[in-house]
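The values are calculated or read from the model by the stated rules, or taken from the named source; none is laboratory data. Everything quoted here is computed from the prediction, not taken from an experiment. As a convention, Cβ positions derive from the backbone with ideal geometry for all residues, glycine included, and neighbour counts pool all protein chains shown. Surface areas here come from the heavy atoms of the whole protein model, side chains and all, with no ligands, DNA or RNA. Shrake-Rupley method; radii C 1.70, N 1.55, O 1.52, S 1.80 Å.
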Amino acid sequence: MPHRFKLRRTVIEGVGSYLPARCVTNEELAQKVDTSDLWIRERTGIRQRYIAADGEKTSDLAIAAAKKALENAGRCATDIDLIILATSTPDNTFPATATRVQAALGINSGAAFDVQAVCSGFMFALNTADALIRCGQADKALVIGAETFSRILDWEDRATCVLFGDGAGAVVVSGQEQTGTNEDRGILACKVHSDGRHYDKLYVDGGVSSTGTIGHLRMQGREVFKHAVINIAAVMRETLEIAGIAPDEVDWFVPHQANKRILDGTAKKLRIDPERVVVTVDRHGNTSAASVPLALDCAVRDGRIKRNDLVLLEAMGGGFTWGAALARW
Ligand code: ACO
């Protein structure tokens with residue numbers, strides 16, 4: 001028997017998501033701020049978004065999504081030895097919201113912590129889980145993106161309040177010995193980037209050590225748009241090159257759902273067939289760190305993403321931060 005090189009890969013075993021019960025349409029928003037369904041749909045592709053109920057916390061959304069991901073993976077909560085929760089809207093300044101999720105799931109061993117990279121948070125969390133699993137520090141992880149952005153929106157600013165929604169998505173990942181080829185299941189390549197020179201282009205104007213207040217989201221929309229298309233296309237290319245995979249070999253693109261025009265612009269740059277791009281921004285709005293796992297869950301549950309499909313996930317957010325991951329399902 002020839003010796004076959006073994007490589008530890010991070011395999012995505014299951015996915016789940018949760019949306020709050022309350023759906024807010026563009027028409028409803030147009031009764032509160034000077035906007036219209038037509039403007040929002042034409043500029044962003046968004047038709048509606050979900051908003052958390054009073055008292056419904058980011059951890060509540062995260063716990064619901066995590067339970068569904070565990071069920072989808074056929075795993076018990078006690079199998080999990082790592083929880084990484086991506087959020088910019090934690091329950092409290094500290095402790096990490098991930099520890100509340102850990103306790104609610106009845107897990108009291110392993111590690112649980114939050115990562116904060118705004119809309120790219122899930123890519124940073126997945127990248128971190130992949131690194132910890134591949135180096136043997138963890139074996140089975142829950143990677144969650146959960147947000148209640150409705151709590152940091154200025155509901156009088158029509159340029160931002162129409163864009164975002166609340167929600168959560170989660171995946172269960174596990175370390176598995178694979179052959180080391182691109183036929184393996186699991187994460188084949190991933191990459192994250194940041195460039196803090198753009199800090200002020202998308203930020204919250206409050207904070208613990210600056211104003212002592214929570215603050216509201218502020219954004220230079222056109223600047224964000226311009227950088228998003230360039231950075232996302234670049235990191236997608238970079239990730240595919242690490243694995244030696246061409247864009248046309250990818251079965252499904254699961255992008256961060258910020259704006260339909262950003263999705264279209266990026267797909268055009270990489271000559272991706274729009275039919276292979278998973279779009280949920282029309283139904284969910286921009287749910288920040290939750291948007292990629294929410295979209296992933298939709299495409300898995302409706303049968304589009306199947307075992308052995310090549311899936312490319314990507315996101316860009318405040319900081320700026322951006323990243324991508326290529327995985328065989
Ligand atoms: N309804 C009606 N009119 C509006 C609204 C609204 N909700 N919002 C802005 N306008 C008006 C503006 O006041 C402006 O009016 P004026 O010309 O009289 O001054 C006009 O529309 C054009 O405003 P712009 O900001 O230039 O509009 P633009 O075409 O750039 O679209 C948008 C704005 C949708 C925010 C766009 O810039 C964008 O999508 N940027 C990307 C931002 C993004 O997706 N951020 C999410 C977080 S980051 C991320 O996830 C990647």
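Only one entry in 165, 145, 136, 169 is in contact with a His (Cβ under 6 Å, 6 or more places away or on another chain) and assigned by TED's automatic domain parsing to the domain that holds residue 60, namely 165.
Residues of segment 200-242 that are within 13 Å of the ligand (Cβ to nearest atom), assigned to a helix (DSSP H, G or I) and open to solvent by 70 Å² or more (accessible area, probe 1.4 Å): 222, 226, 230.
Checked against (1) among the β-branched types (Val, Ile, Thr); (2) more than 10 Å from the ligand (Cβ to nearest atom); (3) assigned to a helix (DSSP H, G or I), residue 262 meets all criteria but (2).
Taking segment 277-318 as the region of interest, how many residues are among the acidic types (Asp, Glu) and outside any helix (DSSP H, G or I)? Spell out the reasoning first.
Of the residues in segment 277-318, the ones among the acidic types (Asp, Glu) are 282, 297, 302, 309, 314.
Those still in the list that are outside any helix (DSSP H, G or I) too: 302, 309, 314.
Qualifying residue count, segment 277-318: 3.
For beta carbons closer than 6 Å, sequence separation of 6+ or different chains, a first residue in segment 280-306 that is free of Cβ contacts under 8 Å to residues at least 24 places away in the same chain and open to solvent by less than 30 Å² (accessible area, probe 1.4 Å) and a second that is within 12 Å of the ligand (Cβ to nearest atom) and assigned to a helix (DSSP H, G or I), there are no qualifying pairs.
Taken over segment 96-138, residues that are open to solvent by 40 Å² or more (accessible area, probe 1.4 Å) and within 16 Å of residue 78 (Cα to Cα) amount to 9. Within segment 174-191, the set of residues being part of a strand (DSSP E or B) and acidic (Asp, Glu) comprises just one member, 177. Scoring residue 150 on the criteria (1) open to solvent by less than 50 Å² (accessible area, probe 1.4 Å); (2) among the hydroxyl-bearing types (Ser, Thr, Tyr); (3) within 12 Å of the ligand (Cβ to nearest atom) leaves a single failure, condition (3). Return a yes/no flag: does segment 5-26 have any residue that is open to solvent by 10 Å² or more (accessible area, probe 1.4 Å), within 16 Å of the ligand (Cβ to nearest atom), of a type in the set (Gly, Ala, Ser) and farther than 30 Å from residue 326 by Cα. Within segment 5-26, not a single residue is open to solvent by 10 Å² or more (accessible area, probe 1.4 Å), within 16 Å of the ligand (Cβ to nearest atom), of a type in the set (Gly, Ala, Ser) and farther than 30 Å from residue 326 by Cα.
Which pairs turn up if I take residues in segment 29-40 that are open to solvent by less than 50 Å² (accessible area, probe 1.4 Å) and look for partners that are assigned to a loop (DSSP other than H, G, I, E, B) with beta carbon separation below 7 Å, at least 6 apart in sequence or on another chain? Hits for this filter: 29/35; 29/162; 30/36; 33/156; 35/162; 40/46; 40/162.
Going through (1) surrounded by 15 or more Cβ atoms within 10 Å (Cβ to Cβ); (2) within 12 Å of the ligand (Cβ to nearest atom); (3) not charged (D, E, K, R); (4) not assigned by TED's automatic domain parsing to the domain that holds residue 249 one by one, residue 159 falls short only on (1).
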